[in-house]
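Student: One structure is given below, represented as structure tokens, and several questions about it will come after.
The values are calculated or read from the model by the stated rules, or taken from the named source; none is laboratory data. It should be emphasised that the depicted structure is a prediction, and the values quoted were computed from it without experimental measurement. No Cβ is skipped: glycine too gets one built from the backbone with ideal geometry, and neighbour counts run over all protein chains shown. The accessibility values were calculated without ligands, DNA or RNA, using every heavy atom of the protein model including side chains. Shrake-Rupley method; radii C 1.70, N 1.55, O 1.52, S 1.80 Å.
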Amino acid sequence: MQVKSSNEKRQWYISWDEYFMGVALITAQRSKDPVTQVGSCIVNADNRIISTGYNGMPNGCNDDIMPWGKHQPDRLKNKQLYVCHSEMNAILNRISSDVRGCKLYVTLFPCNQCAKIIIQAGIAEVVYYDDKHDFKIETQASKLMLEKAGVKTRRYEPTQLEFRIGQIESKL
């Protein structure tokens, strides 16, 4: 067995993509949404985390009394009218840092409303984990806007790395 010199770096460590997508996946677990938990992580050019966000109710709106369903006949009882998406929360909740030119890691491809916010904020790149709503017109509009605005998008390519926190397991 060869002993490493104390001057050598460790040979195995996670990539920046794995690290930041892992942060987005963990952040998603803060969401109280019963159907889809989405997390975001905004990173600057120096690979520093600027902000994180998850889908949830606006500040001051008690999520214990706000609606979480989406198929109620009374539209006022549907979450879509109230929930702030993770991308919006990450952009709005940053602490004194500019997000222009930053990279956004997100667990679900952004909707058309979030695409507008991403573009207006000056985010340069979106790295997404899942695109399960690709068939929706809103997602198609999002992709068109991001492309026309010059925002680079790419799907995160999972590695064989797995992590587990409690009962939550995910592949990075």
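Student: So which residues in the range 32-79 are among the acidic types (Asp, Glu) and more than 30 Å from SER15 (Cα to Cα)?
Tutor: We begin by selecting, within the range 32-79, every residue among the acidic types (Asp, Glu); these are 33, 46, 63-64, 74.
If the condition is that a residue be among the acidic types (Asp, Glu) and more than 30 Å from SER15 (Cα to Cα), then ASP63, ASP64, ASP74 are the ones that fit.
Student: Quick check, is PRO73 in contact with a Cys (Cβ under 8 Å, 6 or more places away or on another chain), assigned to a loop (DSSP other than H, G, I, E, B) and either farther than 24 Å from ILE137 by Cβ or open to solvent by 30 Å² or more (accessible area, probe 1.4 Å) (or both)? Working first, answer last.
Tutor: Details: in contact with a Cys (Cβ under 8 Å, 6 or more places away or on another chain): no; assigned to a loop (DSSP other than H, G, I, E, B): yes; either farther than 24 Å from ILE137 by Cβ or open to solvent by 30 Å² or more (accessible area, probe 1.4 Å) (or both): yes.
The answer is no for PRO73.
Student: Give, as residue ranges, the helices (runs of 4 or more DSSP H) completely inside the range 85-172 that count at least 3 residues that are under 15 Å from the mean Cα position of the chain (by Cα).
Tutor: On the way: elements: 86-92, 112-121, 137-148.
Helices (runs of 4 or more DSSP H) meeting the threshold: 86-92, 112-121.
Student: Given the options LYS77, LYS70, LYS103, name the one that is in contact (Cβ under 8 Å) with a residue 60 or more places away in the chain and among the charged types (D, E, K, R). Full working, then the answer.
Tutor: Numbers: LYS77 fails: in contact (Cβ under 8 Å) with a residue 60 or more places away in the chain; LYS70 fails: in contact (Cβ under 8 Å) with a residue 60 or more places away in the chain.
None of the others qualify; the one that does is LYS103.
Student: Under 9 Å between Cβ atoms, at least 6 apart or on separate chains: pull out the pairs that start in the range 136-158 with a residue that is closer than 10 Å to ASN112 by Cβ and end on any residue that is in a strand (DSSP E or B).
Tutor: Partner pairs satisfying both residue conditions: LYS143/THR153; LEU146/VAL126; LEU146/LYS152; LEU146/THR153.
Student: Does the range 92-115 hold any residues that are aliphatic (A, V, I, L, M) and open to solvent by 10 Å² or more (accessible area, probe 1.4 Å), and which are they?
Tutor: Step one: list which residues in the range 92-115 are aliphatic (A, V, I, L, M), which gives 92, 95, 99, 104, 106, 108, 115.
Hits for the range 92-115 are LEU92, ILE95, LEU108.
Student: Being within 12 Å of VAL83 (Cα to Cα), buried (at least 23 other Cβ atoms within 10 Å of the Cβ) and aliphatic (A, V, I, L, M) is the filter here; which residues of the range 36-66 pass it?
Tutor: Hit for the range 36-66 is VAL38, nothing else.
Student: Given the conditions (1) open to solvent by less than 20 Å² (accessible area, probe 1.4 Å); (2) touching a Cys at 6+ places or on another chain (Cβ under 9 Å), report the number of the one that ASP33 does not fulfil.
Tutor: Going through (1) open to solvent by less than 20 Å² (accessible area, probe 1.4 Å); (2) touching a Cys at 6+ places or on another chain (Cβ under 9 Å) one by one, ASP33 breaks only (2).
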